[in-house]
Amino acid sequence: MQTLLRDLRFGARRLAKSPGLTVVAILTLAVAIGTNVAIFSVMSALLLRPFPFRQPEQLVSIQVKDETTDHGGTLLRYELLRDRARVFESVAAWANDDFNLTGVGEPVQVPVARVSPNFFSTLGVRPQIGHTFNEDEGRAEGKPVVVLSESIWRSRFNSDRNIVGHTVTLDGKPHTVIGVLPAGIQFPFVGPADIWTPRYFEHTLFTPQRLRMGVGYLGFLARLGAGQTLAQGNAELAVLNQQYREQNPTAPDAAASIQTTAVPLRDLVVGDVRGKLWMLSGAVALLLMIGCANVASLLLSRALARRRELAVCAALGASRGAGARQLLAESMLLAMMAGAVGAGLGWAADRALSTWGATELPGGIPVGMDLRVLVFTMLISLLTGIVTGIFPAVQLARTDLNSTLRDEGRGISGGRARGRLKNLLVIGQVSLSLLLLISAGLLLRSFERLLRVDPGFEPDHVLTMNVSLPTAKYTKPEQQTAFFDEVLRRVSALPGVRDAAISAALPLSWKRVTPLLPDGQPNVPLAQRPFIDIEAISPQWFGTMRVPMLGGRGFTAADDAHAPKVVIANEAFARRFWPSENPVGKHVLVGRGPESSEVIGVAANVRNKGLAEETQAQLYLPFPQLPWGDMNLLIRTAVPPLSMVQPVRAQIAAVDPDQPVTAVQTVDELMDGSRAQPRFIMMLLGVFSVTALGLAAIGLYAVLAWSVAQRRQEIGIRLALGAERRTVLWAVVRQGLGLVAAGIAIGLAAGLFATQLMSSVLYKTSAHDLTTFALAPLVFLGIALLASYLPARRATKVDPLEAMRG
């Protein structure tokens with residue numbers, strides 16, 4: 001221990017004598033360590049940190065889906081799982097909804113979770129005040145009760161600890177508060193919810209009859225019984241799925257292609273982010289390797305400069321390993337200081353990720369520094385210290401005392417073997433940096449193509465906002481129709497408004513799917529019919545969004561609830577079902593309805609699965625024939641869209657003063673949101689690649705500068721003998737370009753294999769995109785020329801007389 005402390009003190013004194021090298025090495029390693037800490041903290045939160053529930057490893061999500069579509073759970077399926085499952089200790093259900101909260105400040109729409117009474121007991125969650133739901137409260141005849149989240153209890157009810165027993169008005173009905181959830185607890189698989197109700201068998205958007213007919217609106221949560229495995233759970237679910245088909249042959253989710261499977265709850269939360277996190281983890285690992293190679297090269301140069309000093313000490317009886325041990329102590333000190341700075345950078349990066357990347361990460365899971373991240377920081381710092389110090393330490397330990405004392409006295413350089421090692425470090429930095437640069441280039445090409453995607457509508461100057469009518473107040477379809485007709489009439493008359501319309505789904509998204517039977521298709525049972533997106537819109541929607549009609553006509557005010565049923569097909573629907581026929585005049589049986597709908601028009605394709613997905617087949621229905629309480633208002637303006645928010649709110653309040661408006665945004669913002677995740681990943685990888693490029697350039701410069709310093713006498717002699725300075729300059733530049741060329745060759749070969757793993761995150765861009773693989777090396781060569789020219793120019797400034805005298 002005394003020897004270690006002595007080596008550390010000696011190393012600290014040595015580092016203090018070289019403040020420039022020390023600062024550069026610490027900053028280089030701190031950036032590399034900080035990026036690893038930041039990405040690991042995200043991975044720790046999403047993949048490693050246990051959920052704050054009882055035995056979270058026993059919790060699973062039960063999913064009802066076929067190869068392409070998640071159908072959601074039906075009420076009938078939940079009742080079968082709840083009553084017959086034996087492998088699972090309990091099966092709970094939830095659904096997202098919205099309530100209008102009135103009587104406490106201004107009317108506001110709040111997110112609601114409808115859950116089965118056993119939901120909280122399945123998770124093992126207890127409230128901080130009051131109690132959670134019991135079985136009686138979860139029945140249709142039960143008293144309307146709610147549990148509040150801690151955030152709404154604090155913001156709306158002033159943290160009143162006597163809140164239990166009080167009533168709150170939700171959608172015009174009184175509900176009794178029975179409990180308040182603990183602070184900080186999140187339910188990321190459910191999503192945001194401020195109010196929890198046990199009336200899972202109801203929903204604002206569906207009648208009880210429709211829920212019983214097989215609407216897939218529920219999510220299923222289950223806890224495996226003691227000693228039971230996921231495989232056993234899936235085996236039982238397969239049996240129960242078959243029983244469900246036999247008992248409900250006409251249900252929409254009774255098709256043979258639909259399977260019921262259990263997956264770990266974390267898989268539901270993380271989704272497709274897992275693969276992207278591993279990609280970013282690989283990128284920062286490469287960055288750390290580049291930083292280590294850079295600092296190892298600096299320390300190796302420093303060690304070579306001390307060879308004579310250490311050789312003299314060894315000749316006087318000092319241990320041969322003492323010098324190597326001191327170098328390791330120096331590198332460990334550097335790494336630990338860099339780790340401390342890197343932890344700070346990682347913390348700052350976490351805050352930035354939480355702010356800028358909040359919508360790109362699964363919600364409800366806090367990302368930050370915890371004990372696991374701190375341990376990771378310490379371990380990676382120790383590993384960095386070992387890696388950066390091992391190369392110079394090994395080289396120093398292998399030094400021959402006699403040749404060192406003899407050669408140093410004549411000013412001979414550090415030897416070809418040591419030069420080769422430094423060159424290999426530079427080649428490694430170049431190849432790894434090029435790999436990151438190619439990856440960032442592929443994402444940039446992908447994002448560029450995503451920016452050029454035609455959404456099928458004109459997004460400029462369009463304002464959107466959501467209006468969700470409470471079914472308790474607007475119980476009849478004609479009431480919903482009358483409300484939105486009046487709102488559209490008032491809003492359309494506002495100065496600055498060009499057009500206004502309503503739609504159930506926002507642009508780039510879908511809201512409802514239903515089984516359909518188009519003309520010409522086999523008359524199969526409901527469960528075997530194709531599920532297609534359907535969209536309820538007002539007649540003004542196509543004009544407001546500037547979507548052209550390709551044939552037939554659009555909707556009019558005459559297409560009301562009493563008129564014959566009509567639909568408009570999008571181009572994808574027409575191509576899928578009537579590729580060589582005129583769709584206008586064809587008929588489609590929508591859902592369970594006995595009356596078919598006539599296709600009166602064909603509209604151009606509008607992206608309905610996001611910008612990165614091709615347009616899916618879709619039918620548009622006139623709103624009066626498919627009334628829906630949860631609608632989006634779309635207003636095309638002649639003025640800045642956000643300037644119309646208050647006038648539009650005022651007109652809605654004039655129709656119903658208790659009706660709140662939510663999700664106010666422009667369609668441009670909506671489109672930016674659709675590009676947010678690929679842009680976020682591209683920016684992160686771009687930052688990593690630029691940092692790696694800078695480190696590699698610094699490493700190349702350092703090696704060439706060291707080479708020029710070692711060959712200063714040789715260069716002076718050549719100049720004295722008549723060598724041209726441009727010949728000397730080219731010799732140094734050629735050495736640098738040779739190292740870069742070797743690194744580029746290795747990087748390109750590695751890129752051909754590594755970038756194949758990125759295929760899933762690229763949009764219409766090949767993982768072997770020729771342009772990217774050609775441009776990235778050219779960019780690197782340009783940087784390498786600059787990094788090589790500076791030491792080469794210094795070499796041409798050598799004074800032959802001073803060099804030979806030295």
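Could you check, for segment 42-52, whether at least one of its residues is within 27 Å of the chain's Cα centre (by Cα) and at pLDDT 90 or above? No, the conditions are met nowhere in segment 42-52. Counting only residues that are touching a residue at least 12 places away in the same chain (Cβ under 8 Å), open to solvent by 30 Å² or more (accessible area, probe 1.4 Å), within 16 Å of residue 265 (Cα to Cα) and under 32 Å from the mean Cα position of the chain (by Cα), segment 216-231 holds 1 of them.
For segment 444-454, check the following and say yes or no: at least one residue is assigned to a loop (DSSP other than H, G, I, E, B) and on the phi > 0 side of the Ramachandran plot.
First pass over segment 444-454, keeping only residues assigned to a loop (DSSP other than H, G, I, E, B): 452-454.
Keeping just the survivors that are on the phi > 0 side of the Ramachandran plot gives none.
No, every residue in segment 444-454 fails to be assigned to a loop (DSSP other than H, G, I, E, B) and on the phi > 0 side of the Ramachandran plot.
Taking the listed residues 668, 658, the one that is over 25 Å from residue 458 (Cα atoms), among the charged types (D, E, K, R) and in contact (Cβ under 8 Å) with a residue 12 or more places away in the chain is 658, with no other qualifying. Inspect all residues belonging to segment 178-188 and state whether any of them is surrounded by fewer than 21 Cβ atoms within 10 Å (Cβ to Cβ) and either touching a strand residue (DSSP E or B) at 6+ places or on another chain (Cβ under 7 Å) or among the basic types (Lys, Arg) (or both). No; the residues of segment 178-188 include none that is surrounded by fewer than 21 Cβ atoms within 10 Å (Cβ to Cβ) and either touching a strand residue (DSSP E or B) at 6+ places or on another chain (Cβ under 7 Å) or among the basic types (Lys, Arg) (or both).
When you scan segment 50-64, do you find a residue that is in a helix (DSSP H, G or I), more than 30 Å from residue 212 (Cβ to Cβ) and of a type in the set (D, E, K, R), even just one? So far as segment 50-64 goes, yes, one or more of its residues are in a helix (DSSP H, G or I), more than 30 Å from residue 212 (Cβ to Cβ) and of a type in the set (D, E, K, R). Checking each residue in segment 256-276 for being farther than 15 Å from residue 73 by Cβ and not in a helix (DSSP H, G or I) picks out 256, 257, 264, 271, 272.
Pairs are defined by a Cβ separation below 8 Å, a sequence spacing of at least 6 or placement on different chains, a first member in segment 514-526 that is more than 27 Å from residue 217 (Cα to Cα) and in contact (Cβ under 8 Å) with a residue 24 or more places away in the chain, and a second member that is β-branched (Val, Ile, Thr) and open to solvent by less than 20 Å² (accessible area, probe 1.4 Å); the pairs so defined are 519/588.
Please specify each residue of segment 743-784 satisfying the condition of being assigned to a loop (DSSP other than H, G, I, E, B) and touching a residue at least 24 places away in the same chain (Cβ under 8 Å).
At the first step, the residues of segment 743-784 found to be assigned to a loop (DSSP other than H, G, I, E, B) are 762-769.
Passing the criteria: 762, 763, 764, 765, 767, 769.
Which residue out of 328, 268, 300, 353 is in contact with a strand residue (DSSP E or B) (Cβ under 7 Å, 6 or more places away or on another chain) and either modelled with pLDDT under 85 or open to solvent by 30 Å² or more (accessible area, probe 1.4 Å) (or both)? Checking each option against the conditions leaves just 268.
Cβ-Cβ distances below 8 Å connect the following pairs, each with a first residue in segment 105-133 that is among the charged types (D, E, K, R), a second residue that is in a strand (DSSP E or B) and open to solvent by 10 Å² or more (accessible area, probe 1.4 Å), and a separation of six or more residues or different chains: 114/94; 114/96; 114/97; 114/203.
Name the residue, out of 569, 561, 574, that is touching a residue at least 40 places away in the same chain (Cβ under 8 Å), surrounded by 14 or more Cβ atoms within 10 Å (Cβ to Cβ) and outside any loop (DSSP other than H, G, I, E, B). Give the steps one after another, and end with the answer.
Working: 561 fails: outside any loop (DSSP other than H, G, I, E, B); 574 fails: touching a residue at least 40 places away in the same chain (Cβ under 8 Å).
None of the other options fit; the residue is 569.
Here is a yes/no grid of residues against (1) outside any helix (DSSP H, G or I); (2) modelled with pLDDT of 70 or more; (3) open to solvent by 60 Å² or more (accessible area, probe 1.4 Å):
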site: 365; (1), (2), (3): yes, yes, no
site: 379; (1), (2), (3): no, yes, yes
site: 386; (1), (2), (3): no, yes, yes
site: 395; (1), (2), (3): no, no, no
site: 404; (1), (2), (3): no, no, no
site: 417; (1), (2), (3): no, no, no
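All conditions in (1) farther than 27 Å from residue 152 by Cα; (2) loosely packed, with under 14 Cβ neighbours inside 10 Å; (3) in contact with a strand residue (DSSP E or B) (Cβ under 7 Å, 6 or more places away or on another chain) hold for residue 9, with the sole exception of (3). Among the residues of segment 528-554, the ones that are closer than 20 Å to residue 625 by Cβ and in a loop (DSSP other than H, G, I, E, B) come to 7 in all.
Any idea which of 462, 513, 524 is β-branched (Val, Ile, Thr) and either touching a His at 6+ places or on another chain (Cβ under 6 Å) or open to solvent by less than 20 Å² (accessible area, probe 1.4 Å) (or both)? It is 462. For residues in segment 511-527 being out of contact with any Pro (no Cβ under 8 Å at 6 or more places or on another chain) and not in a loop (DSSP other than H, G, I, E, B), which is nearest to residue 579 (Cα to Cα)? Here the residue is 518.
The values are calculated or read from the model by the stated rules, or taken from the named source; none is laboratory data. Computed from a predicted model, the values in this text were never measured in an experiment. Positions of Cβ are generated from backbone atoms using ideal geometry, with glycine treated the same way; all protein chains shown enter the neighbour counts. Just the protein is used for accessible areas: all its heavy atoms, side chains included, with ligands, DNA and RNA removed. Shrake-Rupley method; radii C 1.70, N 1.55, O 1.52, S 1.80 Å.
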